[in-house]
Every structure is written in C-alpha cells, then in structure tokens.
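First comes the structure, then the notes that go with it.
Here, each number is a calculation from the coordinates, and none is a lab measurement. Since we're looking at a predicted model, the values are computed, not measured. When we count neighbours, we look across all protein chains shown, and the Cβ atoms used for this are built from the backbone with ideal geometry, even at glycine.
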Amino acid sequence: MAPVLQINNLSKKYGSVLALNQVSLTVEASSVYGLLGPNGSGKTTTLGIVLDVLHATSGTFTWFGEKISHSTKRRIGAILETPNFYPYLSAYQNLQITADIKNVSHQVIPAVLDRVGLLNRKDSAFKGFSLGMKQRLALAAALLNNPDVLVLDEPTNGLDPQGIAEVRELIKQIAGEGKTIIMASHLLDEVEKVCTHVAVLQTGILRASGSVSSILAKDDQVIISLPGDQQAALALLPQLPVTLVKTEPHQLTLTLQPGFTSSDLNQAFFAQGLVLSQITVKKKSLESQFLQITNYPAP
Ligand SMILES: Nc1ncnc2c1ncn2[C@@H]1O[C@H](COP(=O)(O)OP(=O)(O)OP(=O)(O)O)[C@@H](O)[C@H]1O
C-alpha cells in the first residue's frame, strides 16, 4: 500500500530565506505523525505545501501515491489555523455552512458533533464556547467528510490545561479509529504523548525521523542494583554488549547495545551466580534526545 504522504527533497525559499531545505519523509497509514521543531523551523511551511496552499521551490510530494487533486483532497481534513466560525450562530448552524462548502449532507452533523463531545451543545452559540470547545468544533468541521487523514497545525496552541487534555484525548481516539494524523507541534511533551512517529525539523533541515519509540530508545540507561559482589559484576561487563556509565556502591549504570534487553542482562548476571535486586530502565526523554539532535546546549 502506498504511504499516506510521501515528501521528496522538498525545499522552499521565501526571498533569501531558505525555510525548507531538501526535506524528505514518509507518513504511513494509521500513524500519528508529529512534525516537531522550534518556532521558524518550517513546520507550517511543510503543511502549507502538502495542502496545496503554498508552492514548493523544488521537490515533490504524493498523497496516497498520487499527485494532489480534487479526489485526494477529499480524503484529507485539515485545520491550518483556527477556522472563522460565525460567533452568533450555533455549533450546528456553523457546521451546516461548512457541510455546504464541502458538499456533504447535513445528516452527518449530529454524529460528528457527538464524536467531538459537543452534541449536547449543538444549539449553543459559538461565541460562548471555551477555546477547547472551539478547537473541538474545528475538528468536527475537519471530520465532516470522513477523511482518511487529518492535518493539524499546533492543535493545542493557546488552550488551557483542560482544553489541551481534551483535544489530545480526542486526537488519540480519532487515531484509534484508524485515521492517519499529521500534526505540527513545538511541544516535545505533546509529541511524546500523542504521536507514534516524529520528524524533527530545525531551520528547515530534517534532523531526525522515525518512530517515537525508536528515537526514545536511543541510549536508554539501565540502572542495576547488586547486593552481592560488585567486583565480579564489573569483571563480567566486558563480556556483554553494554557500556558502563557510572559506578556507585551496590549500583551500576549501563547503556545497552541495540537488541540486548534488560532481561538479557538479568539472565547474563544470573548465569554467573550474580543476582540483581533491581533493574530500572531510565528512558532518555524526547527532550534530551531533541536537544542532542538539534545540538542545543542541555539545560
Ligand atoms: N510568508 C513568508 N515570508 C517570508 N518568510 C517566511 C514566510 N513564512 C515563513 N517564513 C519564514 O520561513 C521560516 C519557516 O517558517 P514556518 O512558519 O514554516 O515555521 P514553523 O516551524 O511553522 O514556525 P512557527 O511554529 O513559529 O509557526 C521562518 O524563518 C519564517 O520566518
């Protein structure tokens, strides 16, 4: 099956500013793909190009293996900026207008409002909605034509903690129904909580991409507690695919080479008659990984 979105060597210049520099990435079906990067790194530019709002200076992209067209656009729901709903009209009336623009039957509106948890507020005026409710209505509008993929630019920007939690939960639920989601975010924590895959952009350059878990898994540290003979443990380490990071009384901190798990480590010690009282895997946070990828000084 063709990927949902394939981007090949995309570049974009605004005058002398190179906003995107030869970016390539692949978004597979049913993933929640985060475009992560600081302000000005090219996230919105990337989304604008693939949604046909901006023109690339060079490079190509395909949706579902095809060039963008009316029929591929029908399979994409997007929120690039907070939509301009009419403040005095109700949620339902606003969606009627969007449905007419999208040429979708009004019959789907109650189900879509229910989907985003706003059915009980369908007759309330938009102007009285909280920011989180407004964003959920925007998601409802994007879902009206039952797209295969949702494209969201900073979907929780400006929301309070409750609104953030609501919108994140909703995105996860929508993803759980098999839809692909592509979202730009400058929030590491958000990408870590919501996304399955991530591309890290910095000044228009793709610094890293892959599954969030594979990026997080790099250089995980394992802390082992040894009530017994530490010298025997230290003597065993050179025979194992591990690197010793720190030695403390009754405790060693190690990194494991790919493919060698903490349970393999436990077994290797046990086979030598060394019993570990505790193994703790300390995952490298996405933040420290991100800082390393972008060469920012660690805090
Ligand atoms: N219309 C424009 N004209 C000139 N430069 C632009 C324009 N739009 C974006 N840029 C520049 O292109 C670069 C990438 O901007 P872009 O908005 O894509 O980044 P971003 O990662 O989405 O950032 P943010 O999170 O701040 O929206 C920045 O240097 C920005 O100043």
Below 11 angstrom from the Cβ of residue 77, what's the summed charge of the other residues (Lys, Arg +1; Asp, Glu -1)? +4
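Sort segment 149-212 into rounded, prolate or oblate with this rule: let a ≥ b ≥ c be the square roots of the eigenvalues of the Cα gyration tensor; rounded if a/c is under 1.5, and if a/c is not under 1.5, prolate when a/b is larger than b/c, oblate otherwise.
On the way: a/c = 2.02, a/b = 1.33, b/c = 1.52.
Verdict is oblate for segment 149-212.
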Quick one: grab the alpha carbon gyration tensor of the chain, order the square roots of its eigenvalues as a ≥ b ≥ c, and give me rounded if a/c is under 1.5, else prolate or oblate depending on whether a/b is larger than b/c. prolate
Have a look at 280, 196, 45 and tell me which one the Gaussian network model of the chain (Cα, springs below 10 Å) gives the largest fluctuation. 280
Taking 26 Å as the cut-off for C-alpha to C-alpha distance, list the pairs among 179/282; 43/67; 122/179; 43/134; 67/134; 12/73 that go past it. 179/282; 67/134
Summed side-chain charge close to residue 165 - residues other than residue 165 whose Cβ falls under 14 Å, Lys, Arg +1, Asp, Glu -1: -1
What list of ³J(HN,Hα) couplings, whole Hz, do you get for segment 205-211 from phi and the Karplus terms 6.51, -1.76, 1.60, once you set θ to phi - 60° and write x for glycine and proline? 10, 7, 8, 6, 8, x, 5
Calculated [θ] (222 nm, deg cm²/dmol) that DSSP helices of n ≥ 4 give over the chain, each run adding -39,500 (n - 2.57): -9000 deg cm²/dmol
